[in-house]
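Right, one structure below, let's go through it.
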Amino acid sequence: MTDVQNAREALVWQLEAGIDECVGEDPVNRLAEAGVAAVVETEEAAERQPAGRAARRIETRPEKASAPAPQTEVPGVQSAWDLAAACGSVEELEAAVRGFDECALKKTATNTVFSDGNPTAKVMFVGEAPGADEDRQGKPFVGPSGQLLDKMAASIGLDRTSFYITNIVFWRPPGNRNPTTNEIALCLPYVERQIELVDPDILIPLGGLAAKTLLGVQQGITKLRGKWQIYQSKNLATPINVMPFLHPAYLLRSPSAKKDAWQDLLAVKNKLNAG
């Protein structure tokens, strides 16, 4: 039993460390494999607003991105869209997500990680997926990436009483891998409804996966960041300004990119000050 217990503990440690594949003895040239077109980017992948809030200033662009169309071919997605549409508040939506069992990620996660912050805030962040710290605590962005994000927000006068934060998926993928297309499709109805209910003035996707999902585009985050986009869904009366950010985890690994992140923060601050 000691050997079995040691093996189990070793496996748990590897999963927590993000080790999710075996490495063979012979090297593999991944760039030579069929279908690889480019080097993968290095970054990791309440009610409506109160009456009287000032009207948004929408940055017009020649090409307007909108929320992706529902992917009803994935089993369970239509049910998710129906359940999400029936929710009239963030609290109802959270209860619906916690009771939703169609996403396989829920079976391997410790906690549902729904959101944190102020659901009537003008600024809403959307990350990619919970990590190990988030899975343990049941809140988004509480690990090293979240601590950096809090410092970034504080630099322009924001904290978790003045912004709202969630993720593209609500459960941690095993080994911190990226969520699959099907997993995103099952969570997207709740994410879209969450955005509609919070109805922020500024929406900030954190990282390439979140930006591509919300904007329905294929460009990488290095091309999307620093440029205002717009987000629109059928239940939003007015489109929402979008400023994609580099993911805080990427900034921890690549400190030289913090100068770009600072420029993006200033753009958000200026937009907020302009009303």
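Would it be correct to say that residue 124 is within 26 Å of residue 181 (Cα to Cα) and not basic (Lys, Arg)?
Values: within 26 Å of residue 181 (Cα to Cα): yes; not basic (Lys, Arg): yes.
In short, yes.
Out of 103, 87, one residue alone is outside any helix (DSSP H, G or I), closer than 15 Å to residue 190 by Cα and in contact with an Asp or Glu (Cβ under 8 Å, 6 or more places away or on another chain). It is 103.
Among 249, 261, which is part of a helix (DSSP H, G or I) and either polar (S, T, N, Q) or in contact with an Asp or Glu (Cβ under 6 Å, 6 or more places away or on another chain) (or both)? Walk me through it before giving the result.
Numbers: 261 fails: either polar (S, T, N, Q) or in contact with an Asp or Glu (Cβ under 6 Å, 6 or more places away or on another chain) (or both).
Of the residues listed, the single one that is part of a helix (DSSP H, G or I) and either polar (S, T, N, Q) or in contact with an Asp or Glu (Cβ under 6 Å, 6 or more places away or on another chain) (or both) is 249.
Table: residues versus (1) at pLDDT below 95; (2) within 28 Å of residue 137 (Cα to Cα); (3) of a type in the set (Phe, Trp, Tyr); (4) open to solvent by less than 10 Å² (accessible area, probe 1.4 Å).
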| residue | (1), (2), (3), (4) |
| --- | --- |
| 161 | no, yes, no, no |
| 210 | no, yes, no, yes |
| 215 | no, no, no, yes |
| 241 | no, no, no, yes |
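Cβ-Cβ distances below 7 Å connect the following pairs, each with a first residue in the stretch 257-275 that is more than 18 Å from residue 247 (Cα to Cα) and crowded, with 17+ Cβ neighbours inside 10 Å, a second residue that is at pLDDT 95 or above and of a type in the set (S, T, N, Q), and a separation of six or more residues or different chains: 271/241.
Annotation note: of 129, 154, 104, the sole residue that is surrounded by 18 or more Cβ atoms within 10 Å (Cβ to Cβ), among the hydrophobic types (A, V, I, L, M, F, W, C) and either closer than 22 Å to residue 215 by Cβ or more than 15 Å from the chain's Cα centre (by Cα) (or both) is 129.
Could you please find all residues in the stretch 240-275 being under 19 Å from the mean Cα position of the chain (by Cα) and not aliphatic (A, V, I, L, M)? Steps first, answer last, please.
Quick first cut of the stretch 240-275, residues under 19 Å from the mean Cα position of the chain (by Cα) only: 240-253, 261, 264-265, 268.
Matches in the stretch 240-275: 241, 244, 245, 247, 248, 250, 253, 264.
Only one residue in 153, 121 is out of contact with any His (no Cβ under 7 Å at 6 or more places or on another chain), part of a loop (DSSP other than H, G, I, E, B) and at pLDDT 95 or above. Which one? Before you say what the answer is, go through the steps one by one.
Details: 153 fails: part of a loop (DSSP other than H, G, I, E, B).
Checking each option against the conditions leaves just 121.
The values are calculated or read from the model by the stated rules, or taken from the named source; none is laboratory data. Predicted model only: the values in this text are computed from it and were never measured. Neighbour counts run over all protein chains shown; Cβ positions are idealised from the backbone, glycine included. What goes into the accessible areas is simple: the full protein's heavy atoms, side chains included, and nothing from ligands, DNA or RNA. Shrake-Rupley method; radii C 1.70, N 1.55, O 1.52, S 1.80 Å.
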